[in-house]
Amino acid sequence: ATLLPFSTKEVIEHNPKLTLEELMFTGFYPRIYDQNIRPSSFYKSYVSTYIEKDIRLIKNIIDHDSFYKFIKIMAGRTGQVLNTLAISNECDISHNTVKEWLSVLETSYITYKLKPFYKNYNKRLIKNSKIYFYDTGLVCYLLGIKNIENLNTHYSKGNIFETFVVSDFIKNNFNKGESSDFYFWRDSQKNEIDLIIDSNGNLNGIEIKSGRTIKDDFFKGLGYWNALSKNNPKNSYVIYAGESEHKRKNINIVNWKSIYKI
């Protein structure tokens, strides 16, 4: 049976005072909350067990040090378009090994590939998938983020927030027993939608912004894509790190606690 980490909704129902940064840093593995374990202690044990035992059941990877380096490098690329050749060069492993090890991370529910939305609209599109971790706490540990202060100033904070949001959609979809398909869209001119949810042909476009204050440029990508795709702005959402919820330009502004409502 597939058992993903907790969703945001599941955690804050029992821990309503947790801040966004605390959630992203702590992550969503049940044992952390059930046994009140420090995240650093939990993830150190988790990674050690995963590398030394679990991956042997999936694939007999002998070079544990190289595999650990590979996972850390992948953590630094969460929320980014996959470039397997660049990863191969950085890890000093073959291109085929990168593909095999990516498959291991997916099989063991460490990472998730977000595929590009292929509808052309007469534009050249990005063809590679994006990579996301299922758990932001694991990402923080692998990136050497020691505390909330480190997270707040870290160069990857925006990508970690994007990972937080995308993984929450995946977990909520799974928990509800739904079969929505998830994509991103980006053309050769760098026009982009962070997440497109296809529910039986009904498309929701979602922009993910780690800022706490709404800015006009949050709506640029959605406005462009809605005009191009003829999608109804009512099916568009900006998810951000702030608190308030309202509409602007017919687009729904949703805070990070309310992802499950979409």
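The values are calculated or read from the model by the stated rules, or taken from the named source; none is laboratory data. None of the values given here were measured: they were computed from a predicted structure. Reconstructed Cβ throughout: ideal geometry from the backbone, glycine too, with neighbour counts over all protein chains shown. Keep in mind that these areas ignore ligands, DNA and RNA; they rest on the heavy atoms of the full protein, side chains included. Shrake-Rupley method; radii C 1.70, N 1.55, O 1.52, S 1.80 Å.
The table below lists the values:
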{"item": "Count of residues meeting criterion [more than 22 Å from Tyr109 (Cβ to Cβ), among the aliphatic types (A, V, I, L, M) and part of a helix (DSSP H, G or I)] in the stretch 13-32", "result": "1"}
{"item": "Qualifying residues in the stretch 240-254 (those that are open to solvent by less than 10 Å² (accessible area, probe 1.4 Å) and assigned to a loop (DSSP other than H, G, I, E, B)) - the one farthest from Thr163 (Cα to Cα)", "result": "Gly242"}
{"item": "Any hit, the stretch 175-182, residues being within 25 Å of Ser7 (Cα to Cα), assigned to a helix (DSSP H, G or I) and not aromatic (Phe, Trp, Tyr)", "result": "yes"}
{"item": "Filter result for Thr49 (closer than 22 Å to Gly144 by Cβ and touching an Asp or Glu at 6+ places or on another chain (Cβ under 9 Å))", "result": "no"}
{"item": "Output for the stretch 138-158, where each listed residue is part of a loop (DSSP other than H, G, I, E, B) and open to solvent by less than 20 Å² (accessible area, probe 1.4 Å)", "result": "Ile145, Ser156"}
{"item": "Lys190 free of Cβ contacts under 8 Å to residues at least 12 places away in the same chain and not polar (S, T, N, Q)", "result": "yes"}
{"item": "Selected residue [over 30 Å from Ser41 (Cα atoms), open to solvent by less than 60 Å² (accessible area, probe 1.4 Å) and not aromatic (Phe, Trp, Tyr)] from Asp181, Asp135, Asp168, Asp194", "result": "Asp194"}
{"item": "Number of the condition not met by Val11 [criteria: (1) in contact (Cβ under 8 Å) with a residue 60 or more places away in the chain; (2) farther than 25 Å from Tyr68 by Cβ]", "result": "(1)"}
{"item": "Residue among Lys119, Lys113, Lys69 that alone is open to solvent by 10 Å² or more (accessible area, probe 1.4 Å), out of contact with any strand residue (DSSP E or B) (no Cβ under 9 Å at 6 or more places or on another chain) and either under 30 Å from Ser229 (Cβ atoms) or part of a helix (DSSP H, G or I) (or both)", "result": "Lys69"}
{"item": "Selected residue (only one of Ile87, Ile93, Ile55, Ile62 is over 30 Å from Trp225 (Cα atoms), of a type in the set (A, V, I, L, M) and surrounded by fewer than 15 Cβ atoms within 10 Å (Cβ to Cβ))", "result": "Ile62"}
{"item": "Selection status of Lys234, over 25 Å from Tyr155 (Cβ atoms) and either in a helix (DSSP H, G or I) or over 21 Å from the mean Cα position of the chain (by Cα) (or both)", "result": "yes"}
{"item": "Residue tally, condition modelled with pLDDT of 95 or more, assigned to a loop (DSSP other than H, G, I, E, B) and not aromatic (Phe, Trp, Tyr), over the stretch 125-137", "result": "2"}
{"item": "Positions within the stretch 197-232 being surrounded by fewer than 18 Cβ atoms within 10 Å (Cβ to Cβ), in contact with a Phe, Trp or Tyr (Cβ under 6 Å, 6 or more places away or on another chain) and among the β-branched types (Val, Ile, Thr), in sequence order", "result": "none"}
{"item": "Yes/no for Phe161 being crowded, with 16+ Cβ neighbours inside 10 Å and touching a residue at least 60 places away in the same chain (Cβ under 8 Å)", "result": "yes"}
{"item": "Residues being free of Cβ contacts under 8 Å to residues at least 60 places away in the same chain and part of a helix (DSSP H, G or I) - total across the stretch 75-102", "result": "16"}
